[in-house]
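**Student:** What follows is a single structure, and I will ask about it in a moment.
No value in this document is a laboratory result; all are computed from the given coordinates. From a predicted model like this one, the values you see are computed outputs, not experimental measurements. Neighbour counts run over all protein chains shown; Cβ positions are idealised from the backbone, glycine included.
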Amino acid sequence: MHEIRWNPVLKWWVMVSAGRESRPLTPADHCPFCPGSGKVPDAYDVLSYDNDWPILAPLPPEVEPITSTLYKNARSYGKCEVILYSSDHNKTLGDLSPSSMDRLVDLWTERYRELGALDSVKYVFIFENRGREVGATIIHPHGQIYGFPFIPKKIELELASCKEYFEREEKNLYREMLLEELKDGRRIVDENGSFVTFVPYFAEYPYQVYVIPRRHRLSIDQLSDDEKRLLGSSLTRIVKTYNHVFPRDFPYMMCFDQKPTDGDDYRYYQFHVKFFPPLRNEKTQKYNACSETGGWVHGNPSSPEAKAEELRKIMETLYGGTR
Ligand SMILES: [Zn+2]
């Protein structure tokens, strides 16, 4: 049974996909994303790949009608894709060459446009779960895209705040946040001509960063060629820096936030990328437990200013300073 079900209290959709709990685990020594697996071409650079176990699909099963004034369900329209960053099993986003990164940013842009053009897709969510701590069982470098048939709740909250701020102040909330961070300077980790990477003032996770364009862009497909190249550079540099924080793999969740594709006007929003890394230190993970899950209240066990300095120093060692 595949369907989406409405929670009338939180006013959000839950994707229900019975049977996924019994999907086969990939054997430890087999990688479906490596050339030769039979699942992917024998040679590729970057590649989009339809998820074998999609929770959302262009032609989802019909749903059983329910008779309720409180509850509702709907077909799980949408799309789930895997984005392979490289054919090299052991690379990470931080190891990609500038030209590979350019092709990856181009592929994300193409998928955003193509999925966003589907009638059923209201929001194109580009993301990467990296590491066992966030449920990624295959280490081969890859991210995913969900084409949602609704706007995710957290994005809806952001849009409402940005709209309210724009109507009151006639300014873009994300841009003002960026100016505030640049003015303070202590939490800036990296910057180039088009993007700034910083640990936000209100960071929930010790090593959380935002990557925000300097100019007003609503979605990845509004970036100029030069901005796309500089986005690729910013992402590579922060992931390579993450790779050097601990003498172990560095797990993270990377989420692209951008304009919904339902055709409405979102001029008050701003494209950006957020990283949520779950480690507090080399051995301890920050769990999303009762306070975070039941109350959406995070406790950050470290100073955002100190963590930004730590990341900045690693980046300086790796790259010889910001550009
Ligand atoms: Zn592989």
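**Student:** Run the lone-cysteine check on the chain: no other Cys C-beta under 4.7 Å from the residue's C-beta.
**Tutor:** Cys80, Cys162, Cys255, Cys290
**Student:** Going by Cα centres, the range 51-78 and the range 90-134 are how many Å apart?
**Tutor:** 25 Å
**Student:** Then there's this: Report D for the range 229-279 in µm² per second (integer): Stokes-Einstein, Kirkwood Rh on Cα pairs, 25 °C, 0.890 mPa s.
**Tutor:** Answer, rounded: 188 µm²/s.
**Student:** Lys and Arg at +1, Asp and Glu at -1: add these up for the other residues within a Cβ distance under 13 Å of Gly185 and post the number.
**Tutor:** Neighbour charge sum, excluding Gly185 itself: -3.
**Student:** Shape call for the range 187-323 from the C-alpha gyration tensor, a ≥ b ≥ c root eigenvalues: rounded (a/c under 1.5), prolate (a/b greater than b/c) or oblate?
**Tutor:** Oblate, because a/c is 1.5 or more while a/b does not exceed b/c.
**Student:** Still on this structure, I have one more. Any idea how far the Cα center of the range 303-318 sits from the one of the range 208-250, in Å?
**Tutor:** The range 303-318 and the range 208-250 have Cα centres separated by 16 Å.
**Student:** Taking the highest mean first, how do the peptides 236-245, 181-190, 281-290 order by number of other beta carbon atoms within 10 angstrom per residue?
**Tutor:** Most protected by this proxy first, the peptides run 236-245, 181-190, 281-290.
**Student:** Next question. Hand me the chymotrypsin sites (Phe, Trp or Tyr not before Pro) from the range 179-235 located in a DSSP loop with no more than 16 other Cβ atoms within 10 Å, in residue order please.
**Tutor:** Qualifying residues, ordered by number: Tyr201, Phe202.
**Student:** Taking just the alpha-carbon atoms of the range 123-192, what radius of gyration and Dmax come out, in angstrom?
**Tutor:** 16.8, 46
**Student:** Continuing with the same structure: List the GluC sites (Glu not before Pro) within the range 42-111 that fall in a DSSP loop (any state other than H, G, I, E or B) and whose Cβ has at most 11 other Cβ atoms within 10 Å.
**Tutor:** Glu62
**Student:** Please grab the % of Cα pairs in the chain that end up more than 24 Å from each other.
**Tutor:** 58 percent
**Student:** Now, a different point. For the chain, what does -39500 (n - 2.57) per DSSP helix run (n ≥ 4), summed and divided by total residues, give at 222 nm, in deg cm²/dmol to the nearest 500?
**Tutor:** Rounded to the nearest 500, the figure is -9000 deg cm²/dmol.
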